[in-house]
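Scroll down for the structure; my scribbles are underneath it.
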Amino acid sequence: MNNDIIIMVLRLLGSLALLVFGMKTMSDTLQKMAGPQLRHILGRMTTNRFTGMLTGIMVTAAVQSSTATTVMTVSFVNAGLLTLAQAISVIMGANIGTTLTAWIMTVGVAFKISDFVWPVFVIALILIYRKRHENVGGFLFGLAFLLLGLGTLRDTGEAMHLGEQPVLLNFFSSFDPASFSTTLIFLLIGSVLTMCVQSSAAVMAITMILCSSGALPIYQGIALVMGENIGTTVTSNLAALTASTQARRTAFAHMFFNVFGVCWILLIFHPFIDWVCSLVGYDPTITQEAGQAAFLANAAKLSVVLATFHTCFNVANTSILIWFIPQLEKIVCYVIKGKKKSEEEEDEDGPVRLKYIGAGLMKTPEIAVLQAQKEITLFATRMHRMYGMVQELFDEKDKERFEKTFERIRKYENISDNMEIEIARYLEEVSNAHLSDETKQKIRSMMRQISEIESIGDACYNLGRAINRLHGSGKPLPEELNVKLHGMLALTDTSLAQMDHVLQSRREDVTIDGTIRIEKDINAMRDKLKSENISSVNEHQYDYAMGTMFTDIVSECEKLGDYVVNVVQARLGK
């Protein structure tokens, strides 16, 4: 008897593992197939709160993961492509889109579907070995594992005769269904279980099996579902603790949305449940006294009741809160305070902190790549800021301020080294996962970008050192050379501005032509200035040492321009 119990428990745990693995596989492969397109949809289809909501529904239903939608949304908020208000509307839609998962589970629980998944495995295996349809095969594998897990869970529940187990029945019957405290207890149980197993889908599946077997009454079952809605947002908030301010605000908005919905549902709990039951045709008054056959036939509808409630709850909650997004945004911003330090102060205080990656929210590699690209764009912006310090250094006459500016340039050079290492390490971790060919190519491109951007930092530091030598020589720079170097420095700054524009734009919207044109101007100016410098030294307009320092600055500007071209080429896949 003990062996039978152990086998049943192992089957139960194994079927839950299959279910969670199937969900993750489906989500990952769908994002591989449509990741870039979904990002573009999120960026373009959020012009108002209603299109934002519809976008959240569509994307979440497509990738089968509200977490993935939330992460993509956070990345766009961080990048300035979405406002926090737009992000909140997308998350509201994501809550509706994720209810599709419950309906998929309903199919697996309501029907004996295990026998039909085996042909799906065969088809999936064939497609996986056909390169063109590899992702479709992966999706079918995930779907088959999900349905097999649900079917096994259903069969295990039937074999255990959950609806006839005295221990379970006595436990659940010890709670008064009409008591408000009972609802709160099961609400807490659902939240804690979801936080422990890190999967609302798994807890939803268990709830469906318990309810459809007749062991768990509908009111307690729906309280568990409500708890799952809170539990899954607690997980997101814990993951966002080390993330940026906007990421934490978005995660908190998700939590506030679900907690608010649970609060108002509790006020009309029983009437709302009875209304949902009437939609499905379930009679909550039928007990085992009415006959085992009638009781089980009625209980079989409970999985549909749970899925219907999940959908109605999120639709109703969204219908209420979508009109109060500005007020919700103010609440979120009040609770999660923004950082007051300036970017410059953050850059120069202690070790560099990456802004977009390494926050713990990244669940899938395809989305992680987007975060890495935002970090690379910030890396380039910092190096452009470093170059601005070089220009300040060149014009600085006060000795104390000169030394302070040069020290800042030195610190930024260390920042560039650290950022290159941290981003490269992150990309290496991402590349260890199963990726689409397109994403693998993007990672190779990003590796090249960070290497070249770090070289820009080196060039800026070399320029600072050259200017420092010039300043330390004690010889005033001839006005003619001063004007020429200002022209070279300004042209190089234009090149960096063009690089920033390319990195911040979609690859399809920009070309390399502008960068190449500026680089040709830099090369032409370098050749002209070097030629003029030789003539000026020969004519004794200034000494050879001054001419050497002049050409060092010109040459370093030209090298910096080359690095800019390399960054843009890598970004555009040239």
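Looking at this structure, is residue 472 closer than 16 Å to residue 552 by Cβ and out of contact with any Ser or Thr (no Cβ under 7 Å at 6 or more places or on another chain)? Even if it seems obvious, please write down each step before you answer.
Working: closer than 16 Å to residue 552 by Cβ: yes; out of contact with any Ser or Thr (no Cβ under 7 Å at 6 or more places or on another chain): yes.
For residue 472, the condition - closer than 16 Å to residue 552 by Cβ and out of contact with any Ser or Thr (no Cβ under 7 Å at 6 or more places or on another chain) - is met.
When you scan the range 487-496, do you find a residue that is buried (at least 17 other Cβ atoms within 10 Å of the Cβ) and either modelled with pLDDT under 90 or more than 26 Å from residue 376 (Cβ to Cβ) (or both), even just one?
Checked against the condition, which is being buried (at least 17 other Cβ atoms within 10 Å of the Cβ) and either modelled with pLDDT under 90 or more than 26 Å from residue 376 (Cβ to Cβ) (or both), the range 487-496 yields at least one hit.
Within the range 412-423, does at least one residue satisfy the condition of being open to solvent by 80 Å² or more (accessible area, probe 1.4 Å) and charged (D, E, K, R)?
No, there is no match, as no residue in the range 412-423 is open to solvent by 80 Å² or more (accessible area, probe 1.4 Å) and charged (D, E, K, R).
Go through the range 466-486 residue by residue and tally those that are in a helix (DSSP H, G or I), of a type in the set (Gly, Ala, Ser) and exposed (fewer than 13 other Cβ atoms within 10 Å of the Cβ).
1
Mind checking which residues of the range 513-549 are more than 54 Å from the chain's Cα centre (by Cα), surrounded by fewer than 18 Cβ atoms within 10 Å (Cβ to Cβ) and among the β-branched types (Val, Ile, Thr)?
534
Please go through (1) at pLDDT below 80; (2) β-branched (Val, Ile, Thr); (3) open to solvent by 20 Å² or more (accessible area, probe 1.4 Å) for residue 259 and return the number of the only condition it doesn't satisfy.
The one condition residue 259 does not meet is (1).
Test each condition in (1) closer than 30 Å to residue 467 by Cβ; (2) open to solvent by less than 70 Å² (accessible area, probe 1.4 Å) for residue 426 and report the one that comes out false.
Failed condition: (1).
Which of the residues that make up the range 201-223 are surrounded by fewer than 24 Cβ atoms within 10 Å (Cβ to Cβ), in a helix (DSSP H, G or I) and among the hydroxyl-bearing types (Ser, Thr, Tyr)?
219
The values are calculated or read from the model by the stated rules, or taken from the named source; none is laboratory data. Note that the coordinates shown come from a computational prediction; the quantities given were computed from them, not determined experimentally. Positions of Cβ are generated from backbone atoms using ideal geometry, with glycine treated the same way; all protein chains shown enter the neighbour counts. When the accessible area is computed, the model is the full protein with side chains, heavy atoms only, and any ligands, DNA or RNA have been set aside. Shrake-Rupley method; radii C 1.70, N 1.55, O 1.52, S 1.80 Å.
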